[in-house]
Amino acid sequence: MSAEERILKVLEGINEKILTYSGENMMEDGTLDSFELIEIVSQLEEEFDIEIDAEYAVIENFANKETIISLMKKLLKE
Amino acid sequence: MTINITEWLDKTAARFPEGLALHDEQEELTYLDYRKKALGIARSIIEKNIRHEPVIVYLEKGVNIPVSFFGIAYSGNFYSPVDTVLPKARVSVMLSVLQPKLAITRHGLSKSLDDAGYKGERLFIEDICPAEDDEAVVTSARSDRGEISGAEDLLYVLFTSGSTGIPKGVSITHRSVINYIEWADSVFSFTEHDSFGNQAPFYFDNSILDIYCAAKSGAALYIIPKHLFAQPVPLLSYLKEHRITTIFWVPSALIVPAKLHAFRNVDLTSCLKRVLFCGEVMPARHLSRWRAALPDVCYANLYGPTEITDACAYYIVDRGFADNEPVPIGKPIRGVEMYLIAEEDGKIRRVSEGDSGEICVAGVCLSPGYYHNPEKTREVFVPNPFGPGLMYKTGDIGRYNVHGELEYISRKDFQIKHLGHRIELGEIETAADSVAGVSRSCALYDSVRHKIVLFAETSNTSSFIEESLALLLPDYMIPNKIIIMDEVPINCNGKIDRTLLQEYIT
């Protein structure tokens with residue numbers, strides 16, 4: 001399974017609406033709440049065995065599934 | 001003795017006229033401006049000859065809401081804030097309960113009020129001029145009001161979820177708020193050097209501590225932009241930048257920075273002095289993270305439903321807790337009695353020491369009841385068998401721990417706390433049952449994942465149900481997950497088998 005597929009699987013497990021969300025800010029739209037944000041961070045940390053610093057928990061990085069994937073790609077490269 | 005909350009603003013504006021009073025993303029007001037604007041609102045209301053009436057405040061969150069609250073109080077009326085993002089159907093129900101003759105709003109929101117069926121007069125916040133001859137306005141308003149400016153008059157009506165689908169308007173008097181704020185001030189010793197970082201929406205009663213403790217002490221009230229609460233580092237940076245000394249948040253808001261270890265990124269040791277929380281259970285493990293990062297801060301757990309003026313019990317954290325230990329709700333605040341009761345054959349008795357029982361509250365904090373709803377009022381505000389007056393049956397189960405501190409255990413019915421909001425699951429079910437094609441539904445709470453789950457017996461799709469519910473319920477009541485079933489399981493009594501469904505989600 002590719003990294004992207006693994007990320008999508010984590011997101012689907014937490015809130016399947018994330019996968020079909022086509023807007024620009026799912027936190028502001030109410031698709032994603034703060035508990036789910038925490039869950040996403042924790043589960044991605046576990047899935048990829050990395051630590052995601054709190055500074056990355058900003059709306060721009062969790063605006064939709066594409067921004068989450070691109071954040072993770074950046075963190076996995078580091 | 002204070003008999004009207006406006007006296008605090010009078011005194012503070014005289015003591016600290018140039019002190020910062022209110023701050024939001026667009027605007028800042030000094031105490032002098034705060035009072036003048038409030039008096040301008042009062043004058044406009046008085047000119048309409050409206051008294052003893054509910055005035056709704058229909059504005060987006062910002063400095064103009066507390067200003068309107070004070071303006072309405074100066075005018076001898078009482079306020080009821082209505083969230084501008086609520087579905088029209090829900091606003092309409094609230095309006096039918098309140099029957100308001102006046103709304104404070106802005107031009108851009110006026111059509112939404114029309115759409116919700118509002119027919120009363122409107123005051124547009126943009127058109128109201130601050131009252132320059134303020135003393136005359138106050139003097140004339142107060143002498144005109146005569147006896148109605150007393151402490152027993154209503155200050156506000158706030159709506160809470162109702163199990164039958166109709167939200168209940170909880171009325172609260174000046175007297176109850178004065179008792180609560182004077183108690184909070186005596187315990188936490190707020191001064192003009194403090195700054196409050198407000199999280200609670202102004203239609204939620206946690207905000208009254210922020211608004212009125214600030215106005216009484218001369219502290220500044222910073223209205224924190226909502227979007228920051230999901231971004232822990234910018235949130236803590238905001239607190240640091242504005243030198244916030246006091247926060248009174250729901251635990252849901254405190255959990256995010258704790259869980260993501262945001263304290264590593266922002267050091268708040270030089271500014272934050274008090275962290276108060278209320279509105280839902282504070283998990284001990286997250287409290288421990290706050291305490292480890294900021295050990296010199298005063299942490300306090302407050303407890304109470306809207307019906308008893310925000311909080312009637314408190315516990316100042318004085319020790320560490322294991323992750324699975326409950327953080328106590330402590331002891332009653334000044335002027336409040338609390339009892340743990342059991343009911344058998346219609347008789348109420350206090351439970352034995354160490355046993356659990358329903359938490360009942362009596363004293364100055366009690367609401368006079370639900371606005372224009374004597375039936376619901378009689379159900380939960382009952383004659384106090386242990387003292388004078390009435391007591392309020394909270395529906396919460398509690399017990400005293402070995403330290404003699406009260407602990408919250410659970411609800412005795414289907415009320416939940418979700419993201420700090422009090423929700424009757426029955427209200428979600430009533431809304432779901434009203435959706436075309438739904439023959440039966442059951443709403444449950446997954447407290448581990450913090451999700452509302454709705455089971456619906458229908459041939460419709462979950463997205464259709466969700467879209468329909470969005471027209472009836474506030475955002476925070478929309479189920480996070482909707483499970484469509486051919487048949488909802490029924491138990492031997494012919495009722496929906498909630499136990500089986502609860503097992504299914506956990």
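Coordinate-derived values only; no laboratory data. Everything numeric here is computed off the predicted structure, so don't read it as measured data. Cβ: placed from backbone, ideal geometry, glycine included. Neighbour counts: every protein chain shown.
For the stretch A:1-66, state which GluC sites (Glu not before Pro) are in a DSSP loop and have at most 14 other beta carbons lying within 10 Å of their beta carbon.
Numbers: sites: A:Glu4, A:Glu5, A:Glu12, A:Glu16, A:Glu24, A:Glu28, A:Glu36, A:Glu39, A:Glu45, A:Glu46, A:Glu47, A:Glu51, A:Glu55, A:Glu60, A:Glu66; in loops: A:Glu16, A:Glu24, A:Glu28, A:Glu51.
The qualifying sites are A:Glu16, A:Glu24, A:Glu28, A:Glu51.
Within chain B, which complete DSSP H helices have Cα atoms spanning at least 30 Å along the helix axis and a mean Kyte-Doolittle hydropathy of 0.5 or higher?
Details: long enough: none.
Long hydrophobic helices here: none detected.
Please arrange B:Ile128, B:Ile104, B:Ile484 by how many other C-beta atoms lie within 10 Å of their C-beta, fewest to most.
Working: B:Ile128 22, B:Ile104 26, B:Ile484 16.
With the sparsest Cβ surroundings first, the list reads B:Ile484, B:Ile128, B:Ile104.
For B:Ile490 and B:Asp323, compute 0.36 nm times the residue count separating them, minus their Cα-Cα distance, and round to one decimal in nm.
On the way: separation 167, 0.36 × 167 = 60.12 nm, distance 3.68 nm.
Separation in residues times 0.36 nm, less the Cα-Cα distance, equals 56.4 nm.
Among B:Ser163, B:Ser75, B:Ser176, rank each residue by its count of other Cβ atoms within 10 Å, from fewest to most, as a rough exposure measure. Could the numbers behind the result be given before it?
Details: B:Ser163 18, B:Ser75 29, B:Ser176 26.
Starting with the residue having the fewest Cβ neighbours, the order is B:Ser163, B:Ser176, B:Ser75.
Using only the alpha carbons, work out the radius of gyration and Dmax of the protein assembly as shown in angstrom.
24.1, 77
Any idea how far the Cα center of the stretch B:164-179 sits from the one of the stretch B:335-374, in Å?
17
Any chance you could check the Cα centroid distance between the stretch B:196-236 and the stretch A:1-15 for me, in angstrom?
The stretch B:196-236 and the stretch A:1-15 have Cα centres spaced 36 Å from each other.
If Lys and Arg each add +1 and Asp and Glu each add -1, what is the summed charge of the other residues whose beta carbon sits under 14 Å from the beta carbon of B:Ile490?
That sum, taken over residues with Cβ under 14 Å, equals -1.
Multiplying the sequence separation of B:Asp267 and B:His227 by 0.36 nm and subtracting their Cα-Cα distance, what value in nm do you get? Could you put the intermediate results ahead of the total?
Values: separation 40, 0.36 × 40 = 14.40 nm, distance 2.08 nm.
That works out to 12.3 nm of additional length.
Any idea how far apart B:Lys119 and A:Glu60 come out in nm if each label point goes 7 Å out from Cα toward Cβ?
5.2
What is the sum of charges around B:Pro283, taking Lys and Arg as +1, Asp and Glu as -1, for the other residues whose C-beta is under 11 Å from the C-beta of B:Pro283? Don't jump to the answer; show the numbers that get you there.
Numbers: positive: B:Lys259, B:Arg285, B:Arg289; negative: B:Glu280, B:Asp323, B:Glu325.
Spelling it out: positives minus negatives among the neighbours equals 0.
Quick one: compute the contact order of chain B, relative version, from alpha carbon pairs under 8 angstrom and 6+ residues apart, as a percent. Intermediate results must be reported in sequence, preceding the final value.
Working: 1042 pairs, mean separation 59.6, N = 506.
Once divided by the residue count of chain B, the mean separation gives 12 percent.
Given 0.36 nm per residue, what is the gain on full extension from B:Val351 to B:Ile409 after removing their alpha carbon distance, in nm?
Details: separation 58, 0.36 × 58 = 20.88 nm, distance 1.48 nm.
Full-extension gain reported as 19.4 nm.
Compute the helix-to-body angle for A:3-14: its Cα long axis versus the longest principal axis of chain A, expressed 0 to 90° and rounded to tens.
Tilt relative to chain A: about 50 degrees.
Treat the count of other C-beta atoms within 10 Å as a stand-in for reagent exposure and order B:Cys442, B:Cys312, B:Cys129 from fewest to most.
Details: B:Cys442 25, B:Cys312 30, B:Cys129 11.
Placing the least packed residue first, the sequence is B:Cys129, B:Cys442, B:Cys312.
Give the lysines reachable from B:Lys11 as a straight Cα distance under 24 Å; neighbours fewer than 8 places away on the same chain don't count.
List returned: B:Lys36, B:Lys37, B:Lys216.
Can you give the FRET efficiency to the nearest 0.05 for B:His52 and A:Glu47, using r as the Cβ-Cβ distance and R₀ = 60 Å?
On the way: r = 61 Å, r/R0 = 1.01.
Working from the Cβ atoms, E equals 0.50.
With the contact rule set at Cα under 8 Å and sequence spacing of 6 or more, what percent relative contact order holds for the stretch B:417-505? Before the final figure, lay out the partial values.
Working: 132 pairs, mean separation 24.7, N = 89.
It comes to 28 percent, rounded to a whole number.
Any of A:Lys9/B:Lys226; B:Lys168/B:Lys376; B:Lys226/B:Lys273; A:Lys65/B:Lys88; A:Lys17/B:Lys495; B:Lys412/B:Lys495 with alpha carbons more than 20 Å apart? Name them for me.
On the way: A:Lys9/B:Lys226 29 Å; B:Lys168/B:Lys376 8 Å; B:Lys226/B:Lys273 22 Å; A:Lys65/B:Lys88 31 Å; A:Lys17/B:Lys495 31 Å; B:Lys412/B:Lys495 18 Å.
Among A:Lys9/B:Lys226; B:Lys168/B:Lys376; B:Lys226/B:Lys273; A:Lys65/B:Lys88; A:Lys17/B:Lys495; B:Lys412/B:Lys495, the Cα-Cα distance tops 20 Å for A:Lys9/B:Lys226; B:Lys226/B:Lys273; A:Lys65/B:Lys88; A:Lys17/B:Lys495.
Residues in the stretch B:252-279 near a label at B:Ser189, defined as backbone nitrogen under 15 Å from the 7 Å Cα→Cβ point?
Output list for this probe position: B:273-274.
At a Förster radius of 45 Å, what calculated FRET efficiency corresponds to the Cβ-Cβ distance of B:Cys129 and B:Glu467, to the nearest 0.05?
Numbers: r = 43 Å, r/R0 = 0.96.
Working from the Cβ atoms, E equals 0.55.
Once the Cβ-Cβ distance between B:Lys11 and B:Tyr476 is put in as r, and R0 is 51 Å, what FRET efficiency do you end up with, to the nearest 0.05? Could the numbers behind the result be given before it?
Numbers: r = 37 Å, r/R0 = 0.72.
So, using R0 = 51 Å, E works out to roughly 0.85.
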